Amino acid sequence: MTKKCIAEFIGTMVLVICGCGIAMLTINADGGVTSGSGVAIALAFGLSIVAMAYSVGNVSGCHVNPAVSIAMLINKKLTAPEFVGYVVSQVLGAIVGALILFGIFGGNMGLGTNVTAEGITVVQGFITEVVLTFIFVFAICGVTSKESFGSVAGIVIGLTLALVHLLGLPVTGTSVNPARSFGPALVAMLTGASGGAEAFAQVWVYILAPLIGGALAAVAYTFMTKED
């Protein structure tokens, strides 16, 4: 169990460093996402998952996301104690990843925190995160359902994460991962980084919505595939 938790910690830390780090470097000063920066950010998160899937996936399954872990709990691929250990490790990994970004870049560029775009209500943002997380976790449930898919699972999961980022970035900044949002928001708020107060005020959306989306995906996939 300890090795699995360490793997989840490292995997989530790398996801935050690479994904949020590239977001910091490519998003406009006014917080806008251009087509070029959107593709770069989507690929950063997607490729981070691919890299971690083929490095720590054989240890912990490379959830690096509480929304994925809650789906695995529902599908009985994870026990309750394992779920708690995974989530704690993921959150700690995200916090450390955000601290490393703060150490490298400081707080003027923000820390890749999530906030809804101008003109997008909290309700719209919540719905967006539920739907995008559903799509992401549903794909994970499918590609991890058979051992024969193992060789391509990491690529499929990474590409799916990139896909949902392309749609969600102009709306919510795309989280689909409570740990990825909580870690940078907490560090940004505590360090006074740019946008930290606003991000922490909205972080509940990026925690609750992905958990709901992940749970719905697990239930839907189980219902669709179980024998009558």
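Could you check, for the stretch 117-127, whether at least one of its residues is of a type in the set (Ser, Thr, Tyr) and either closer than 22 Å to residue 72 by Cβ or in contact (Cβ under 8 Å) with a residue 24 or more places away in the chain (or both)?
The answer is no; no qualifying residue exists.
Against the conditions (1) aromatic (Phe, Trp, Tyr); (2) more than 19 Å from the chain's Cα centre (by Cα); (3) over 17 Å from residue 16 (Cβ atoms), residue 134 satisfies every one except (2). Scanning the stretch 56-74 for residues that are modelled with pLDDT of 95 or more, of a type outside the set (A, V, I, L, M) and part of a loop (DSSP other than H, G, I, E, B), we see that the one that is surrounded by the most Cβ atoms within 10 Å (Cβ to Cβ) is 65. One residue is enough: does the stretch 125-139 have a residue meeting the conditions within 15 Å of residue 211 (Cα to Cα), among the hydroxyl-bearing types (Ser, Thr, Tyr) and touching a Cys at 6+ places or on another chain (Cβ under 8 Å)? No, the stretch 125-139 contains no residue that is within 15 Å of residue 211 (Cα to Cα), among the hydroxyl-bearing types (Ser, Thr, Tyr) and touching a Cys at 6+ places or on another chain (Cβ under 8 Å). Within the stretch 92-110, the residues that satisfy the criterion of being more than 18 Å from the chain's Cα centre (by Cα) and assigned to a helix (DSSP H, G or I) are 102, 103, 104, 105. Pairs linking a residue in the stretch 184-199 that is among the β-branched types (Val, Ile, Thr) to a residue that is surrounded by fewer than 19 Cβ atoms within 10 Å (Cβ to Cβ) and at pLDDT below 95, with Cβ atoms under 6 Å and 6 or more positions apart or on different chains, are 191/107. Of the residues making up the stretch 71-91, not a single one is more than 19 Å from residue 3 (Cβ to Cβ), within 13 Å of the chain's Cα centre (by Cα) and in contact (Cβ under 8 Å) with a residue 40 or more places away in the chain. Does at least one position in the stretch 73-81 carry a residue that is over 17 Å from residue 147 (Cα atoms), polar (S, T, N, Q) and in contact with a Pro (Cβ under 9 Å, 6 or more places away or on another chain)? No, the stretch 73-81 has no match at all. Taking the stretch 200-228 only, how many residues are without any contact (Cβ under 8 Å) to a residue 12 or more places away in the chain and either under 20 Å from residue 122 (Cα atoms) or not hydrophobic (A, V, I, L, M, F, W, C) (or both)? Counting residues in the stretch 200-228 that are without any contact (Cβ under 8 Å) to a residue 12 or more places away in the chain and either under 20 Å from residue 122 (Cα atoms) or not hydrophobic (A, V, I, L, M, F, W, C) (or both) gives 5.
The values are calculated or read from the model by the stated rules, or taken from the named source; none is laboratory data. No experiment lies behind these values; they were computed from the predicted model shown. Cβ atoms come from the backbone with ideal geometry, glycine included; neighbour counts cover every protein chain shown.
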